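**Q** Mind having a look at this structure? Questions to follow.
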Protein chains: 2
Amino acid sequence: MSLKHAILGFLSFSPAPMSGYDLKKAFDHSVRHFWPANQSQIYRTLAALTDEGLVAVDVVEREERLDMKLYQITDNGRTELHRWLSTPLPPQDCREPLLIQVFFGHNLTDTELLAVLQHEAQAIEERLALYAQIYTASLEMFNQEHGFDPRTLFLRLLTLEFGMISNQAGLDWLRAGITRLQAGDYTPAELHTLLGGNQEDNE
Amino acid sequence: MSLKHAILGFLSFSPAPMSGYDLKKAFDHSVRHFWPANQSQIYRTLAALTDEGLVAVDVVEREERLDMKLYQITDNGRTELHRWLSTPLPPQDCREPLLIQVFFGHNLTDTELLAVLQHEAQAIEERLALYAQIYTASLEMFNQEHGFDPRTLFLRLLTLEFGMISNQAGLDWLRAGITRLQAGDYTPAELHTLLGGNQEDNE
DNA sequence: AGATACTATAGTACAAGTGCTATATATTGA
DNA sequence: TCAATATATAGCACTTGTACTATAGTATCT
């Protein structure tokens, strides 16, 4: 389960032990663009990780208030994290409900279909704007934080780059589709226009 | 649930009623690149759709052999399908386990990280080759099948185009990342190189 | 001063969707 | 004879999501 390893990742990176609450914030601030996690999921997974001995809990009792549980990664946890990080993933299959709408879109009028596509295009534009904002904000933040390993920063920004590049590709696709639909131009695209994007010979 | 509507889509398109087995084949042949479905899931969902009155069953009894159930979409089913197809989807959030590996990749050596990335690049290349193959095959098949509505064909091919474009974008991203890692070049990308892909003014 | 809302903190219960595996049995093809 | 195709279903487990329950401090608004 990837969520387990994301949690291990945060714990392995953090110098101080973290509570479930801390982790929830960490997820929301830094990885929600590719791995959203909700509260209960995090607490459940922490419990499971504890059972498996991959993290260790320190229960901080506080008079009157609820206990606070602080989690640390164990040696076994680090080993498992390293194993998972360095193991290629099994092929993922994608799920794009929008494509179901397109595939069966012959049931709709042009107007109806265009409305759906344009709505989606707008949603992507908003997401792109948000990503761009987070990207520059991260850059600034890390510029100030002296001593932050540049390779670590690079890798984190790379995940944002992915979000932008792939959303931009989706937006390009949508726009081209919209244009063709509006023009009633149903000639299929040539293969070579679809493939071999930014060739930067890498072999 | 999108699967329900994909099934309704197939049933609404097919001139003849379909069995669960037929549907499984239809999924595998035409939409598995954006909505894979396994057998038990299809049968379960057909049962649910029947309960909801969106499809109607015709049980064909066959001596000796198991019964065969043939499904047809009902009027309610068509209405529901149309409603769903023409309603914009709530925002989807993406889940990319590879990005977890990248995000926490500072735990790995360059060699380890590169191995993971290159493995993924190769998987994407294979997928792209497969898509290209399916794309040309579909084109040929539909060229022969006279009387196939060109708009319908266009929309179906569009879903394949999406698969190719977005995988190509992912591949470009991977290659650029690999190159930068190999060169030890950790300077973040400029925003404008990430956004505003194929501008084809559409407003 | 009092009401209201938000943050910090941890959980529980339940449902939906998916995946994997196994069970049947008949026909057809190699 | 062995394998594949046609056909339907049941059971269990995993992951995620949604909503609800608690409680104490802090901040804000009137």
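**Q** Would you mind checking which residues have amide H under 5 Å from A:Val55's amide H? H placed 1.01 Å from N; only 5 or more apart, or other chain.
**A** Those qualifying (amide H under 5 Å, at least 5 residues apart or on another chain) are A:Thr50, A:Thr74.
**Q** Working from Cα positions, state the angle (0 to 90°, nearest 10) between the long axis of helix B:150-183 and the longest principal axis of chain B.
**A** Tilt of helix B:150-183: around 20 degrees.
**Q** Roughly how big is region A:2-85's charge dipole about its Cα centre, with Cβ charges of +1 (Lys, Arg) and -1 (Asp, Glu), in debye to the nearest 20?
**A** Charge dipole, region A:2-85, about its Cα centre: 380 debye, nearest 20.
**Q** Using only Cα atoms, locate the centre of region A:120-158 and the centre of region B:93-126, then give the distance between them in Å, rounded to an integer.
**A** 19
**Q** Here's something else I'd like to know. In square nanometres and to one decimal, what's the mean projected area of the convex hull around the Cα atoms of region B:97-189?
**A** Seen from a random direction, the Cα hull of region B:97-189 projects 7.3 nm² on average.
**Q** Apply the Karplus parameterisation 6.51 cos²θ - 1.76 cosθ + 1.60, with θ equal to phi minus 60°, to every residue of region B:64-73 and state each ³J(HN,Hα) to the nearest whole Hz, in sequence, with x for glycine and proline.
**A** 6, 7, 4, 4, 10, 10, 9, 9, 10, 7
**Q** If you draw the axis that swings chain B onto chain A, which residue of B has its Cβ closest to it, and how far is that in whole Å?
**A** B:Ala169, 2
**Q** Ratio of alpha-carbon Rg to the 2.2 N^0.38 Å globular estimate for region A:2-85, to two decimals, please.
**A** Taking N as the residue count of region A:2-85, the ratio is 1.05.
**Q** Ratio of the protein assembly as shown's C-alpha Rg to 2.2 N^0.38 Å, to two decimals?
**A** Taking the Cα Rg and dividing by 2.2 N^0.38 Å, one obtains 1.12.
**Q** Give me the number: length gained by fully extending A:Ala137 to A:Glu112, i.e. 0.36 nm times residue separation minus the C-alpha to C-alpha distance, one decimal in nm.
**A** Computed gain between A:Ala137 and A:Glu112 is 5.2 nm.
**Q** Per-residue HN-Hα couplings for region A:184-195, Karplus 6.51 cos²θ - 1.76 cosθ + 1.60 at θ = phi - 60°, whole Hz, x for Gly and Pro?
**A** Each residue's phi maps through the Karplus curve to give x, 9, 9, 6, x, 5, 6, 3, 5, 6, 8, 10 Hz.
**Q** So, one more: Whenever you get a sec, line up B:Met164, A:Met68 from highest to lowest accessible area (probe 1.4 Å, protein heavy atoms).
**A** A:Met68, B:Met164
**Q** Sticking with this structure for a sec: Please compute the length gained on full extension between A:Ser40 and A:Gln182, using 0.36 nm multiplied by the number of residues separating them and subtracting their Cα-Cα distance.
**A** Taking 0.36 nm per residue and subtracting the Cα distance, the gain is 46.6 nm.
**Q** Would you work out which of A:Leu49, A:Met1, A:Thr136 lies farthest towards the positive end of the dipole of chain A, given +1 charges on the beta-carbon of Lys and Arg and -1 on that of Asp and Glu, about the Cα centre?
**A** So the residue furthest toward the plus end is A:Leu49.
**Q** Let me ask another. With no solvent and one point on each alpha carbon, what is the Debye value of log10 I(q)/I(0) for region B:12-145 at q = 0.20 Å⁻¹?
**A** The calculated log intensity ratios at q = 0.20 Å⁻¹ are -1.26.
**Q** How large is the charge dipole for region B:91-185, taken about the Cα centre, if only the Cβ atoms of Lys, Arg (+1) and Asp, Glu (-1) carry charge, to the nearest 20 debye?
**A** With Lys and Arg at +1 and Asp and Glu at -1, about 140 debye.
**Q** Any idea what the dipole of chain B comes to, in debye rounded to 20, about its Cα centre with Lys/Arg Cβ at +1 and Asp/Glu Cβ at -1?
**A** Here the size comes out at about 360 debye.
**Q** Quick check on chain B: helices-only [θ] at 222 nm, where DSSP H runs of length 4 and up contribute -39,500 (n - 2.57) each and the sum goes over total residues. Nearest 500, please.
**A** Counting only the DSSP helices, I get -20000 deg cm²/dmol.
The values are calculated or read from the model by the stated rules, or taken from the named source; none is laboratory data. Keep in mind the model is a prediction, meaning the values are calculated, not measured. Because the Cβ atoms are built from the backbone with ideal geometry, glycine has one as well, and the counts that use them run over all protein chains shown. Heavy atoms of the whole protein, side chains included, go into the accessibility calculation; ligands, DNA and RNA do not. Shrake-Rupley method; radii C 1.70, N 1.55, O 1.52, S 1.80 Å.
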